[in-house]
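Enquirer: Sharing a structure with you now.
The values are calculated or read from the model by the stated rules, or taken from the named source; none is laboratory data. In this text, all values refer to a predicted model and were calculated from it rather than measured experimentally. All Cβ positions, glycine included, derive from the backbone under ideal geometry; neighbour counts span all protein chains shown.
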Amino acid sequence: MTICALAALTLVLALPTGWCLGYRTRRQTATVAEHAARPPGPHAGALADELALAWHQLTTACCLTSWETHGAQHDPDHCTRKDQTT
């Protein structure tokens, strides 16, 4: 191979390699910045568990009014517990 062919091959292989390394660095920097900008709070797993429990409570409630008032009131038209009054 000639020197020109080797130089061209080196350039062709170096450009994607350099771009990939630069992309990786930019991606890591963006990830660190994103994590730093997030407010402290519950993790996604804990939030999903809490939502699942809330949906379960809502589906097992006798009526929406009962669920909203934590069992203090009931909607006589839609409540499955007919013995309860508001």
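Enquirer: Got at least one residue in the stretch 77-84 being among the basic types (Lys, Arg), surrounded by fewer than 10 Cβ atoms within 10 Å (Cβ to Cβ), at pLDDT below 85 and not in a helix (DSSP H, G or I)?
Expert: Scanning the stretch 77-84 turns up at least one residue that is among the basic types (Lys, Arg), surrounded by fewer than 10 Cβ atoms within 10 Å (Cβ to Cβ), at pLDDT below 85 and not in a helix (DSSP H, G or I).
Enquirer: For the stretch 32-43, state whether one or more residues are modelled with pLDDT of 85 or more, outside any loop (DSSP other than H, G, I, E, B) and either surrounded by 11 or more Cβ atoms within 10 Å (Cβ to Cβ) or acidic (Asp, Glu) (or both).
Expert: Yes.
Enquirer: From Gln73, Gln28, Gln57, which residue is on the phi < 0 side of the Ramachandran plot, of a type in the set (S, T, N, Q) and assigned to a loop (DSSP other than H, G, I, E, B)?
Expert: The unique qualifying residue is Gln73.
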